[in-house]
């Protein structure tokens, strides 16, 4: 016998189909795991980036404590990064090549992130003997660095070089001692989370790679939201 459906029956069927589709879609987004960034530990990195005595460390790597000075003459330490997501890089104020491209991207990054209260940029001078506080202050003003948002850092050279090599794994060269003859030069931006863990590496001269950093920041920030 042929079943006859009236307009009310079709309406009910249509509603059931819509409810079914909405339910399936909602379940997908509820059950779908949040996208997460990797956590980088020394054993997982290119060995050229990691000092030999650190290469077997497979978990719980954290950025080392530090004590440096920013462009305002203020002392900045790891305590100032508590509860913050930040980007670390290494530069010098008279760099004639890659640092200029990095500065363009840091200015852009600062502009995008200026209203993000949990975001910082830490730019470490690799020639602190030349980059005194007045010099980095002039540089910060030239770059439009926002106080408290973008810290231009100077201080003890061995400490800065130790951070580059043993905290951030920012440079392939592992042979120096942070003395007068030592010099490092890298375009890397390093993304660090609120637990001081490394969550990403980016080419700081590349607009495309910095776009990826900005997207990764949003993913990382979501990890800290309920």
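The values are calculated or read from the model by the stated rules, or taken from the named source; none is laboratory data. Values in this document were obtained by computation on a predicted structure and should not be read as measured data. Cβ atoms come from the backbone with ideal geometry, glycine included; neighbour counts cover every protein chain shown.
Residues in the stretch 60-86 that are in contact with a helix residue (DSSP H, G or I) (Cβ under 7 Å, 6 or more places away or on another chain), in a strand (DSSP E or B) and within 19 Å of residue 199 (Cβ to Cβ): 85 alone.
When 225, 207 are checked against the criterion of being free of Cβ contacts under 8 Å to residues at least 12 places away in the same chain and either touching a helix residue (DSSP H, G or I) at 6+ places or on another chain (Cβ under 7 Å) or surrounded by fewer than 21 Cβ atoms within 10 Å (Cβ to Cβ) (or both), 225 stands alone in meeting it. Just so you know, in the stretch 102-131 the residues that are closer than 17 Å to residue 212 by Cα and free of Cβ contacts under 8 Å to residues at least 12 places away in the same chain include one that is surrounded by the most Cβ atoms within 10 Å (Cβ to Cβ), and it is 104. Name the pairs: first residue in the stretch 54-82 and in contact (Cβ under 8 Å) with a residue 40 or more places away in the chain, second residue surrounded by fewer than 18 Cβ atoms within 10 Å (Cβ to Cβ) and in a strand (DSSP E or B), Cβ to Cβ under 9 Å, at least 6 apart or on different chains? Correct list of pairs: 66/77; 67/75; 67/77; 68/75; 68/77; 69/75; 76/67; 78/67.
For residue 196, the requirement of being within 14 Å of the chain's Cα centre (by Cα), under 25 Å from residue 73 (Cβ atoms) and assigned to a helix (DSSP H, G or I) is not met.
Count of the stretch 70-85 residues, restricted to those that are at negative phi, exposed (fewer than 13 other Cβ atoms within 10 Å of the Cβ) and under 18 Å from the mean Cα position of the chain (by Cα), is 3.
The lone criterion from (1) in contact with a helix residue (DSSP H, G or I) (Cβ under 8 Å, 6 or more places away or on another chain); (2) under 27 Å from residue 60 (Cβ atoms); (3) at pLDDT 95 or above left unmet by residue 212 is number (1). Can residue 9 be described as over 22 Å from the mean Cα position of the chain (by Cα), surrounded by fewer than 10 Cβ atoms within 10 Å (Cβ to Cβ) and either at pLDDT below 95 or not in a loop (DSSP other than H, G, I, E, B) (or both)? So residue 9 does not fit the description; no.
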